[in-house]
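These notes are about the structure you will find just below.
The values are calculated or read from the model by the stated rules, or taken from the named source; none is laboratory data. Everything numeric here is computed off the predicted structure, so don't read it as measured data. Heads up, the Cβs are rebuilt from the backbone with ideal geometry, glycines too, and the neighbour counts pull from every protein chain shown. With ligands, DNA and RNA removed, areas are computed over all heavy atoms of the protein, side chains included. Shrake-Rupley method; radii C 1.70, N 1.55, O 1.52, S 1.80 Å.
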Amino acid sequence: MSLKLFKKFSFTAGSLGGATIGAAFLMANSSIGPGFLTQTSFYTEQLITSFGFVILVAVILDLGAQLNTWRILTMSEMRAQDLANQLLPGLGFALTAMVVLGGFAFNIGNIAGCGLAINVLSGWSFEKGAILSGAFALLLFWFKEIGKMLDGFTKALGTLKILLTIFIAYAAKPPLMQALHHTFIPEKISVAAIVTIVGGTVGGYITFSGAHRLLDAGIVGEKKIRQVNKSAVGGIVISTIMRFVLFLAVVGVVSKGVVLDKNNPAATVFEFAAGHFGLMLFGVLLWFAAISSVVGAAYTSVSFFKTFHPVIQKYERWCISVFIILSTFIFILIGKPKELLIYAGVVNGFILPLALAVVLIAVTKKRLMKNYQHPLWMQVSGWIVVALMGAMSGMALMDLMK
């Protein structure tokens, strides 16, 4: 099964190229960061094989959100905040505030993931690991060829993450048929898990990360529709493979009665499946996931406000650097990496329906879309995502307030 999944992944990656696959991997890496590793382990321990249903729902919602967002932004040739401001003056600033807030929450969690990873690999404190990783992320963004570096960096780390997780899933020997059965017919359903996973994999800035990368690369207009669709679907395929493989790894461990570590649940999965070597693999995988998500969150969050003033665009790298430094500083003050990683997903789950609704309204305005006609079925699918995520986010909020 793992071999077939990897062949499908290889085929999808091979059919894309350059910035197109770079955008796909940027979105996928952002969606399968340390938050997803922690959230998957946390909720799989509660739902066991029924967590497969949560992933299935998340994938369907991903498709509705990502295909709409990427198509609309690249056809309008405007970033989300600029499109929103053209739709209603000031709306882009409000959208930017929401997305940057969500991206900031994510990035604090990503830095927390870096700290967890370094702690596993070296025994250093979470704080030291976070500072070291934040410094590394800053070095990455001071390369001159940031666009090409992002494409190559995200492709390499994305591939390594998938290969390492396939190995652990194989070693964990999960109950495949039971997991498949409960993916479609779950025994238990958790609305909070769905909101958290969707928010963590497609909420907030992640919805726009790949689309903004395509805009930066000049992949815009109706002649590029096929490339945009391939990139969006490619990103979803890559992240879906990773999600299911990680889910199978966790199920293989918790189905044997293993209790996961409360502070670092995903580490238990890798250690049980492959001993000390597995724990070291986890440290490497978590750091790859965390540092690539730091890159994705900082890049996309800053891309939301850099068009507001030429000075911001001129000093984009400085803005990204401040974003990373503040994220690191706040994590050191707060601590609690596991809690930060879970709550970041919830926060961004609330942002998704609001941000997607803005984009879907904008696509109905011909003056903004250069006479592009967005397919009705895509609009309907987008509004279904808005309605479902809006309702589930409200239910999740009520659960949290109890």
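Results, tabulated for the structure shown:
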{"item": "Looking only at the stretch 254-272, and only at residues there that are within 23 Å of the chain's Cα centre (by Cα) and closer than 21 Å to ARG243 by Cβ, the one that is modelled with the lowest pLDDT", "result": "ASN264"}
{"item": "Criterion violated by HIS181 - all others in (1) closer than 18 Å to MET389 by Cβ; (2) of a type outside the set (Ser, Thr, Tyr); (3) part of a helix (DSSP H, G or I); (4) open to solvent by 10 Å² or more (accessible area, probe 1.4 Å) satisfied", "result": "(1)"}
{"item": "Some residue of the stretch 95-104 being more than 21 Å from CYS319 (Cβ to Cβ) and open to solvent by 40 Å² or more (accessible area, probe 1.4 Å)", "result": "no"}
{"item": "Unmet criterion (only one of (1) under 29 Å from PHE247 (Cα atoms); (2) open to solvent by 30 Å² or more (accessible area, probe 1.4 Å); (3) part of a helix (DSSP H, G or I); (4) charged (D, E, K, R)) for ARG213", "result": "(2)"}
{"item": "Matching residues, the stretch 127-139, being over 12 Å from TRP287 (Cα atoms) and either touching a residue at least 40 places away in the same chain (Cβ under 8 Å) or among the charged types (D, E, K, R) (or both)", "result": "GLU127, LYS128, ILE131, LEU138"}
{"item": "Residue, least open to solvent (accessible area, probe 1.4 Å), within the stretch 352-391, restricted to residues that are under 14 Å from MET75 (Cα atoms) and of a type in the set (S, T, N, Q)", "result": "THR364"}
{"item": "Test: residue in the stretch 304-323 that is open to solvent by less than 10 Å² (accessible area, probe 1.4 Å), within 23 Å of LEU37 (Cβ to Cβ) and at pLDDT below 80", "result": "no"}
{"item": "Cross-chain or 6+ apart pairs with Cβ under 7 Å, the stretch 210-222 first and at positive phi, then open to solvent by 10 Å² or more (accessible area, probe 1.4 Å)", "result": "GLY221/GLU77"}
{"item": "Tally of residues being of a type outside the set (Lys, Arg) and in a loop (DSSP other than H, G, I, E, B) across the stretch 158-178", "result": "2"}
{"item": "Residues within the stretch 184-210 that are part of a helix (DSSP H, G or I) and either out of contact with any helix residue (DSSP H, G or I) (no Cβ under 9 Å at 6 or more places or on another chain) or not hydroxyl-bearing (Ser, Thr, Tyr) (or both), tallied", "result": "14"}
{"item": "Subset of the stretch 44-86 [open to solvent by 10 Å² or more (accessible area, probe 1.4 Å) and under 17 Å from the mean Cα position of the chain (by Cα)]", "result": "LEU56, VAL57, VAL59, ILE60, LEU63, LEU67"}
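Table: residues versus (1) out of contact with any Cys (no Cβ under 9 Å at 6 or more places or on another chain); (2) buried (at least 19 other Cβ atoms within 10 Å of the Cβ); (3) within 22 Å of PHE126 (Cβ to Cβ); (4) charged (D, E, K, R).
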| site | (1), (2), (3), (4) |
| --- | --- |
| VAL253 | yes, yes, no, no |
| GLY257 | yes, no, no, no |
| ASN263 | yes, no, yes, no |
| PHE270 | yes, yes, yes, no |
| PHE277 | yes, no, no, no |
| GLY283 | yes, yes, yes, no |
| LEU286 | no, yes, yes, no |
